[in-house]
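The values are calculated or read from the model by the stated rules, or taken from the named source; none is laboratory data. Keep in mind it's a predicted model, so treat the numbers as computed, not measured. No Cβ is skipped: glycine too gets one built from the backbone with ideal geometry, and neighbour counts run over all protein chains shown.
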Amino acid sequence: MPNCPGKPSRSCLRPTTLGFHWYETWTGAGMNFENLSRVHEAFPDKALIFTEGCIEKFNRNQLNAGWLGERYGMSMIHDFNRGTVAWTDWNILLDEKGGTNHVGNFCFAPVHADTQSGKLIYTSSYYYLGHFFKFIRPGALRVSSAASRDTLLTTAFRNPDGKLAVVVMNPSDNRQAFRLQVGDKAAESSSQPHSITTFVVE
């Protein structure tokens, strides 16, 4: 909340953050990342926070599917590149039926608990989340990054310790060679089909 001495004015009561979900796909629409850019441009002083997301229509046979993680990775990369400063899941842990849920809307989660065996099932979305939350530290600032290959997605952050974390995702069916370039220095690398990699540059 802004510092407003004395009697608060209307401007002092305006929120400093804006929250959003990704459920536009329920209506048949795509993921409207450009709309997020427009909100960020219209309200540059507001912190955009992704407050809830999950993949609906739970199917136990899909718990090991790679597309679960890719959906998260695509969302996070596009969201961060369009001004989002924080990203949180709807529920990090659900049971083996995608619940519990009082309205019967069973969903996927990064981790599922098999209540019969007592085991935890880690989906690909759990590992995709790790490529962001393990390497991009609190207080990090996003820096400009771009992929010159249309098969790759990328975002980058400067951590408080000065290290650069660069996330590269390849949602295509093909291996893609590329050079990671920072300033006048570059390193050859490649991205395997349907993979995500985080580079830490000192």
- Residue check, Gln62 against (1) under 19 Å from Tyr122 (Cα atoms); (2) buried (at least 18 other Cβ atoms within 10 Å of the Cβ); (3) among the polar types (S, T, N, Q), all met but one. Which one? (2)
- Task: Determine whether His112 is in a strand (DSSP E or B) and touching a residue at least 24 places away in the same chain (Cβ under 8 Å).
- Result: yes
- Query: Any idea which residue in segment 52-95 is farthest from Gly139 (Cα to Cα), counting only those that are in contact with a Phe, Trp or Tyr (Cβ under 7 Å, 6 or more places away or on another chain), without any contact (Cβ under 8 Å) to a residue 40 or more places away in the chain and not small (Gly, Ala, Ser)?
  - Reply: Glu52
- Query: Do we have Leu129 as hydrophobic (A, V, I, L, M, F, W, C), at pLDDT 95 or above, assigned by TED's automatic domain parsing to the domain that holds Phe58 and closer than 28 Å to Ser37 by Cβ here?
  - Reply: yes
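Would you check if Ser117 is under 14 Å from Ile55 (Cβ atoms) and either part of a loop (DSSP other than H, G, I, E, B) or touching a Lys or Arg at 6+ places or on another chain (Cβ under 9 Å) (or both)? Can you show your working first?
Details: under 14 Å from Ile55 (Cβ atoms): no; either part of a loop (DSSP other than H, G, I, E, B) or touching a Lys or Arg at 6+ places or on another chain (Cβ under 9 Å) (or both): yes.
It is false that Ser117 is under 14 Å from Ile55 (Cβ atoms) and either part of a loop (DSSP other than H, G, I, E, B) or touching a Lys or Arg at 6+ places or on another chain (Cβ under 9 Å) (or both).
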- What do you reckon, is Phe199 within 20 Å of Ala86 (Cβ to Cβ) and out of contact with any Asp or Glu (no Cβ under 9 Å at 6 or more places or on another chain)? no
- Item | Residues of segment 32-72 that turn out to be among the acidic types (Asp, Glu) and within 15 Å of Thr17 (Cα to Cα), as a count | 3
- Task: Answer with yes or no whether Asn101 is without any contact (Cβ under 8 Å) to a residue 12 or more places away in the chain and at negative phi.
- Result: yes
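Return the total of residues in segment 43-71 being part of a helix (DSSP H, G or I) and among the aromatic types (Phe, Trp, Tyr). Break it down into steps so the answer makes sense when it comes.
Step one: of segment 43-71, the residues part of a helix (DSSP H, G or I) are 60-62, 67-71.
Filter once more, keeping what is among the aromatic types (Phe, Trp, Tyr): 67.
Final tally of qualifying residues: 1.
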